[in-house]
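The values are calculated or read from the model by the stated rules, or taken from the named source; none is laboratory data. Fair warning: this is a prediction, and the values are worked out from it, not measured in the lab. We place every Cβ from the backbone using ideal geometry, glycine too, and count neighbours over all the protein chains shown. Heads up: the accessible areas ignore ligands, DNA and RNA and are worked out on the full protein's heavy atoms, side chains in. Shrake-Rupley method; radii C 1.70, N 1.55, O 1.52, S 1.80 Å.
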Amino acid sequence: MSLKYLTRFSYFLLLFNLTIHAQQEQSVIAFEPSSISITVGQNYSVNVRLLIPDIIPPNVFLMFMYNDKLSDADGYIQTLPNITFTKQTSDDQSRMIIVSGRRQGHVVVTAQSPQVNISSFYDFLLIDIARSKTLNILIQLVGWIYFFAWSISFYPQIILNFRRQSVIGLNFDFLALNILGHTCYSIYNLCLYTSHDVQKQYYTAHPHGILPVLLNDVLFSVHAVIACLVTVGQCVFFERGTQRVSYIARIIGGVLIIFLLISSIVAFTSHLSTLTLLYFYSYVKLTITMIKYVPQAWMNYKRKSTEGWSIGNILLDFTGGVLSVVQMFLLAINYDDWSSIFGSPTKFGLGLFSIIFDILFILQHYIFYRTNRSIVRRTKLTTNEEDNHDETSPILPARL
C-alpha cells in the first residue's frame with residue numbers, strides 16, 4: 001500500500017472516531033453561545049436552554065459549577081445565580097444569565113441538577129477572560145501578519161522554479177517531508193479548532209488554559225498543503241536533473257505514517273483519546289520540522305551554493321516564525337496563562353526550529369556561499385553571451 005493511501009486511511013479513521021464519540025450522549029441543556037471571550041470588567045449575556053422539556057419533572061433546578069467545582073475559588077467570573085425551569089405550555093424553556101469577568105484566565109461552566117442527569121462532557125460554557133481588549137487586537141494582528149508571511153513564503157520558491165523552468169537546487173527530501181508534515185498539522189488544527197469534543201478534552205487536561213489554535217493557524221496549514229502540491233507539480237514538469245526522493249526520506253515517511261495509522265486504529269477502539277491522537281499528529285509534524293531542513297542544508301553545503309533555493313522563502317519564513325512565538329507570549333500575558341505556551345508544543349516548536357534553521361540558511365546565502373553565488377551568476381552571463389555570439393563574427397578583432 002502506498003504512503004498516499006495510508007495517509008488517507010489514517011485520516012478517515014480519525015474522522016470516524018470523532019463521529020462515534022459525538023453520538024455517545026444526548027445533551028440536556030445548551031448554552032447559547034457555548035463559548036465567549038470577554039475582558040476583565042465586561043458583562044456578557046448567555047442564554048441557557050432546556051432541550052428536552054417534554055420528559056422532565058415539573059421543576060428542574062440547576063446549580064452551576066466552575067471547572068468541576070461548586071464555587072469559582074479563583075474568582076475568574078462573578079458567581080452565577082442558580083436557575084429553575086418550571087413545567088410550562090410553551091416550548092421555549094430558556095433562562096438568561098449574565099457573565100461578568102473579574103480576573104483574566106479561563107473557566108469552564110457546567111451544571112448539575114437533582115432532577116435530571118446533565119453531562120458535563122457536552123453541556124458546558126467555555127469562558128475566556130482577557131486582561132486587555134487592546135492586547136486581544138494586537139494578538140489577532142500579529143497572528144494574521146505571520147499567517148500572511150508564512151503563506152507567502154511558499155511563493156518565492158514557486159516563482160523561482162517557474163522562471164528557471166527548473167527545480168534543480170530544491171531538495172526533494174525536504175519537499176516530501178514538508179507535505180507530510182503540513183498534512184498532519186492541518187488535521188491537528190482542523191480537529192482542535194472545529195470539534196467541541198476535542199476542545200472539552202483539551203480543557204480537561206488544561207482547565208485554566210486557552211485554545212492554542214486560531215483561525216489563521218487552520219488557514220495557514222491547509223494553504224501550505226496546497227502550495228506544496230503546486231511545487232510537486234513543478235517537480236514533475238520542470239527540469240529536475242537526477243534528483244529524486246532518497247530511500248532514507250521514504251523510510252522515515254513510511255515509519256511515521258504507519259505510526260499514525262496504528263495510533264488511529266487504537267483510538268478507534270477507544271483505548272486512546274482523540275486529543276492524544278491529535279497530539280501524535282502534531283508530534284509527527286514537530287519531528288518533521290526538526291529534520292526536514294537538514295537535507296536542504298546538507299545539499300547547499302555539498303554544492304557550496306544556494307542556487308535554486310529561494311532566499312525570499314527563508315526571509316518570510318523567519319518573519320513568520322518570530323511572530324508566531326511572539327503571539328504565544330502575548331496570549332500568555334493577556335490571559336495570565338503561561339502553561340498555554342506548552343499546551344501547543346507543535347506551534348511553539350514549529351516557530352522555534354524554523355527560526356534556527358532560517359538563520360542557518362541566511363548565513364549560507366549571504367556569508368558562507370556568497371562568493372560562489374556570484375561566480376555562478378557570472379558564468380551564466382558569460383554562457384548566454386557566447387550563445388548569442390553570431391557565428392559570422394570574426395574570431396579576431398579588426399585592426400584599428
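Can you send over the solvent-accessible area of residue 235, 1.4 Å probe, protein chains only, in Å² to the nearest 10?
The accessible area of residue 235 comes to roughly 10 Å².
Among 196, 206, 182, what's the order by accessible area (1.4 angstrom probe), most exposed first? Write out the running numbers ahead of the final one.
Working: 196 100, 206 50, 182 10 Å².
From most exposed to least exposed: 196, 206, 182.
Obtain the nm distance between the two label points defined at residue 49 and residue 290 by a simple spin-label model: each point lies 7 Å from its Cα along the Cα-to-C-beta direction.
Each label point lies 7 Å from its Cα, and together they span 4.7 nm.
To the nearest 10 square angstrom, how much accessible area does residue 245 have with a 1.4 angstrom probe?
For residue 245, solvent-accessible area is about 40 Å².
Calculate what fraction, in whole %, of the accessible area of segment 112-260 sits on carbon and sulfur atoms when a 1.4 Å probe is rolled over the protein chains. Write out the running numbers ahead of the final one.
Details: 4580 of 6540 Å².
That fraction is 70 percent.
Treat each spin label as a single point 7 Å out from the Cα along the C-beta direction, and report the residue 87 to residue 258 distance in nm.
6.3
Ranked by accessible surface with a 1.4 Å probe, highest first, in what order do 307, 239 come? Write down the numbers at each step before the final one.
On the way: 307 35, 239 110 Å².
The most accessible residue leads, giving 239, 307.
Can you give the FRET efficiency for residue 352 and residue 236, using 1/(1 + (r/R0)^6), R0 = 41 Å, r = Cβ-Cβ distance, to the nearest 0.05?
Values: r = 33 Å, r/R0 = 0.81.
Calculated transfer efficiency: 0.80.
Leaving ligands, DNA and RNA out of it, rank 361, 353 by accessible area with a 1.4 Å probe, largest first. Can you show the working numbers first?
Details: 361 5, 353 55 Å².
Largest accessible area first, the list is 353, 361.
With a 1.4 Å probe and every protein chain left in place, tell me how much accessible area residue 96 has, in Å² to the nearest 10.
Around 120 Å² of this residue is reachable by solvent.
When ranked by the protection proxy of mean other Cβ atoms within 10 Å per residue, highest first, what sequence do the peptides 297-306, 133-142 form? Show your work: numbers first, answer last.
Working: 297-306: 16.8, 133-142: 15.3.
Top of the packing list down: 297-306, 133-142.
What list of ³J(HN,Hα) values in whole Hz, one per residue of segment 172-188 in order, does the Karplus curve 6.51 cos²θ - 1.76 cosθ + 1.60 (θ = phi - 60°) give from phi, with Gly and Pro shown as x?
6, 4, 4, 5, 5, 5, 5, 5, 4, x, 5, 5, 5, 5, 5, 4, 4
Can you tally the net charge around residue 293? Count Lys and Arg as +1, Asp and Glu as -1, for every other residue whose Cβ sits under 11 Å from the Cβ of residue 293. Each step should come with its number before you reach the end.
Details: positive: 292; negative: 173, 317, 358.
That sum, taken over residues with Cβ under 11 Å, equals -2.
Please work out the average accessible area per residue across segment 104-263, using the 1.4 Å probe convention, and give it in Å². Walk me through the intermediate numbers first.
Details: 6730 Å² over 160 residues.
For segment 104-263, the per-residue accessible area is 42 Å².
Please work out the FRET efficiency for the pair residue 301 and residue 32, using the Cβ-Cβ distance as r and a Förster radius of 60 Å; give the result to the nearest 0.05.
Details: r = 58 Å, r/R0 = 0.97.
Result of the calculation: an efficiency of 0.55.
Find out how many positive minus negative residues lie around residue 249, taking Lys and Arg as positive, Asp and Glu as negative, among other residues whose Cβ is under 10 Å from that of residue 249. Please list the in-between numbers first.
Details: positive: 244, 250, 292; negative: 173.
For residues surrounding residue 249, the net value is +2.
Order of 32-45, 271-284 by packing, highest average Cβ count within 10 Å first? List each step's numbers first, then the result.
Working: 32-45: 14.1, 271-284: 20.0.
Ranking, from highest mean packing down: 271-284, 32-45.
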